[in-house]
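I have placed the structure first, in the form of structure tokens, so that the comments after it can refer back to it.
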Amino acid sequence: MEKLYSILNPFDSWWNDEGEEKNLEARKALQDFYKELKKLRPSKKYEKNIVHFSYVPYLVKIKKALDEKRYMRACNEIISLMHYEPFLQGRIYYNVLKLLEKEVIHNSYDFQYALEFTNQVLKDETKKEDKVRILNFMLDIIREDLKCQKLEDSLIDFRIELIREISKIKHYIEKDAV
């Protein structure tokens, strides 16, 4: 847990008033925090705090800070959650991972755009074979994009997750075709 705190502590500011550069550094810290958190395993022992769902308000505050692109505030709220709640409990651990994955790791606008575009292309195709062919082509494009670009880790993760999602769609279409 000490390593997790050390990643966020330099950006612990509820006011989020240290400038845009520091705010973007806090976003990078959240990405690093996510990677370190993924290395840990959730606790198997159940610990109840005051109330089972007492962690939910923290998650809501973190989500709100991320929606507002106040990354320093998000760091502050995560630190509070870690301090006051049994942070490594599966119910908290997995929700924090999921929230950070959606809001910080994947550029949610790009990710949604890519999936919406994929679905739109599929609507235009009537034959299942054509849908699979188009999806294979899109997967090849994304893989080539991965090979050709020098990307920071979060963008690599974004493309890998996009490949995963499009592959799931393809699998569903192929399975449905049988």
* **Relative contact order, percent, the range 24-167 [alpha-carbon distance under 8 Å, six or more residues apart]** => 26
* For the range 1-107, with every protein chain kept in place, what is the accessible area per residue (1.4 Å probe, Å²)? -> 57
* Structure fact -> Per the charge dipole of the range 1-69 (beta-carbon charges, Lys/Arg positive, Asp/Glu negative, Cα centre), the residue among Trp14, Ala65, Ser43 reaching farthest to the positive end is Ser43
* Cα-only radius of gyration and Dmax that characterise the chain, units Å -> 19.3, 57
* Please give the net charge around Thr118, taking every other residue with its beta carbon less than 12 angstrom from that of Thr118, where Lys and Arg add +1 and Asp and Glu add -1. => 0
* Averaged over all directions, how much area does the convex hull of the C-alpha atoms of the range 39-87 cover when projected, in nm²? -> 3.9
* Asked: Semi-axes of the equivalent ellipsoid of the range 42-131: what are they in whole Å, largest first, if each equals the square root of 5 times a C-alpha gyration tensor eigenvalue?
  -> 36, 17, 9
* **Net dipole in debye of the chain [+1 Lys, Arg Cβ; -1 Asp, Glu Cβ; about Cα centre; nearest 20]** => 800
* Quantify, in whole percent, the carbon and sulfur part of the accessible surface of the chain (1.4 Å probe; protein heavy atoms only). => 54
* **Filter on Lys127/Lys147; Lys127/Lys175; Lys98/Lys123; Lys3/Lys63 - keep pairs with C-alpha separation over 24 Å** => Lys127/Lys147; Lys98/Lys123
* Report the label-to-label distance for Thr126 and Ser167 in nanometres (one decimal), using points 7 Å from each Cα along the Cα→Cβ vector. => 3.2
* Structure fact -> Accessible-area order for Thr118, Thr126, largest to smallest, probe 1.4 angstrom, reads Thr126, Thr118
* Asked: Can you list the aspartates and glutamates whose alpha carbon is less than 16 Å from that of Lys170, not counting same-chain residues fewer than 8 positions off?
  -> Glu116, Asp124, Glu125, Glu129, Asp130, Asp140, Glu161
* Asked: Do the sum for the chain: with -39,500 (n - 2.57) for every DSSP H run of n ≥ 4, divided by all residues, what is the mean residue ellipticity at 222 nm, to the nearest 500 deg cm²/dmol?
  -> -23500 deg cm²/dmol
* By accessible area with a 1.4 Å probe, ligands and nucleic acids excluded, highest first: order of Phe111, Phe33 -> Phe111, Phe33
* **Neighbourhood net charge (11 Å Cβ-Cβ; Lys/Arg +1, Asp/Glu -1) for His52** => 0
* **Built amide H within the under 5 Å cut-off of Gln89, gap 5+** => Ser43
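The values are calculated or read from the model by the stated rules, or taken from the named source; none is laboratory data. Everything numeric here is computed off the predicted structure, so don't read it as measured data. Cβ atoms come from the backbone with ideal geometry, glycine included; neighbour counts cover every protein chain shown. Note: areas computed on protein heavy atoms with side chains; ligands, DNA, RNA excluded. Shrake-Rupley method; radii C 1.70, N 1.55, O 1.52, S 1.80 Å.
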